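To keep things clear, I will list the structure first and then write my remarks on it.
The values are calculated or read from the model by the stated rules, or taken from the named source; none is laboratory data. Please read all numbers here as calculations on a predicted model, not as lab measurements. Note that each Cβ is placed from the backbone with ideal geometry, even for glycine, and that neighbours are counted across all protein chains shown. For accessibility, only protein heavy atoms count, side chains too; no ligands or nucleic acids. Shrake-Rupley method; radii C 1.70, N 1.55, O 1.52, S 1.80 Å.
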Amino acid sequence: MSTASEITRKAKSNLAFALKILPREQRDDMVVFYAFCRTIDDIADDPKVAMDQKIKSLDTWENGLLHGFVTNDEFAREVISLRDRWQIPNDLLIAIIDGCRMDLQPQRFETWQNLSDYIWKVSCAVGLISIRIFKCHDPGSERYAVSLGHALQLTNILRDIKEDLLNGQRIYLPLEDLARFHYTEQELITNVGDQRFVDLMTYQAERAQKFFHDAGLQIPDQDRNALLPARIMDEIYQVLLHKMREDHFRVFEKRYCVSQVRKLGIFSKHYLGQK
């Protein structure tokens with residue numbers, strides 16, 4: 001099993017699940033790309049790795065993409081081959097690294113625009129690369145990728161509130177929105193889940209839902225089948241967002257997920273729909 005396949009297998013992510021619908025060649029290439037994203041994210045997130053080593057590792061990846069890798073690493077070669085075959089702009093790959101580099105320090109975002117800029121790097125850039133591998137041709141697919149990227153990442157942020165606090169007290173909710181609901185950073189850190197918190201989370205969920213709605217309007221007919229993995233992700237995450245809303249965002253008590261049975265149902269619906 002290749003390094004990329006092993007990384008993807010261990011991750012058990014919603015994206016890895018959605019990729020099963022792709023033809024073999026594209027699926028294999030998306031596995032490599034997903035493994036790259038997972039590797040970069042894990043460098044930034046691993047609490048057991050010293051800060052100077054994290055910086056060095058991210059710099060090594062960036063320098064390798066820009067100037068070539070010094071070591072003869074199989075996985076790095078796979079990433080370079082993927083980039084060159086699909087003509088993926090280096091800027092998009094480096095944007096992902098830059099976004100994860102932002103996570104090396106305790107995270108705070110004053111405004112929604114600040115958070116949106118971060119989301120573009122860690123999520124929208126991923127989508128813009130993915131649609132190349134999906135063989136999308138309509139420029140509208142880029143708008144779809146950006147809208148869906150915001151929706152997916154914001155849903156992740158809501159689900160992972162407690163996990164992010166435990167990992168360096170990261171807070172991704174815009175501070176201007178905390179102030180809007182008279183809710184403080186300290187209350188978030190101490191897991192105060194009162195009505196103000198529910199109202200704050202509902203506000204963010206409505207923002208995410210609007211991005212899901214906008215993404216749905218932007219799917220180009222020409223690329224509808226090519227975007228099947230993204231559409232599967234879209235539905236899985238909308239189910240996840242709905243579960244959190246219905247349960248009043250008890251994110252301090254539990255980590256929400258979509259069951260394997262429900263995901264298989266979504267997968268089957270889309271798979272049969274393309275027949």
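Things worth noting here:
- With a simple spin-label model that places each label point 7 Å from the Cα along the Cα-to-Cβ direction, the separation between residue 85 and residue 46 comes to 2.7 nm.
- Taken one residue at a time, the phi angles of segment 240-250 give Karplus couplings (6.51, -1.76, 1.60, θ = phi - 60°) of 4, 4, 4, 4, 5, 5, 4, 9, 6, 6, 7 Hz. Gly and Pro are set to x.
- For segment 106-199, convex hull of alpha carbons as volume per residue, Å³: 101
- Per residue, the convex hull spanned by the Cα atoms of segment 187-275 measures out at 101 cubic angstrom.
- Its Cα centre serving as origin, the chain has a Cβ charge dipole (Lys and Arg +1, Asp and Glu -1) of approximately 1020 debye.
- Mean projection area, nm², convex hull over Cα of segment 36-103: 4.5
- Computed lengthening from residue 222 to residue 105, 0.36 nm per intervening residue step minus Cα-Cα distance: 37.9 nm
- Fraction of the pair-distance distribution of segment 151-232 above 23 Å, Cα-Cα pairs, percent: 34
- Probe 1.4 Å, accessible area per residue of the chain, Å²: 49
- Overall Cα dimensions of the chain, principal axis frame, Å, largest first: 51, 50, 32
- Rounded to the nearest 20 debye, dipole of segment 116-202 from Cβ charges on Lys, Arg, Asp, Glu: 400
- Accessible area of segment 226-275 belonging to carbon and sulfur atoms, whole % at 1.4 Å probe: 54
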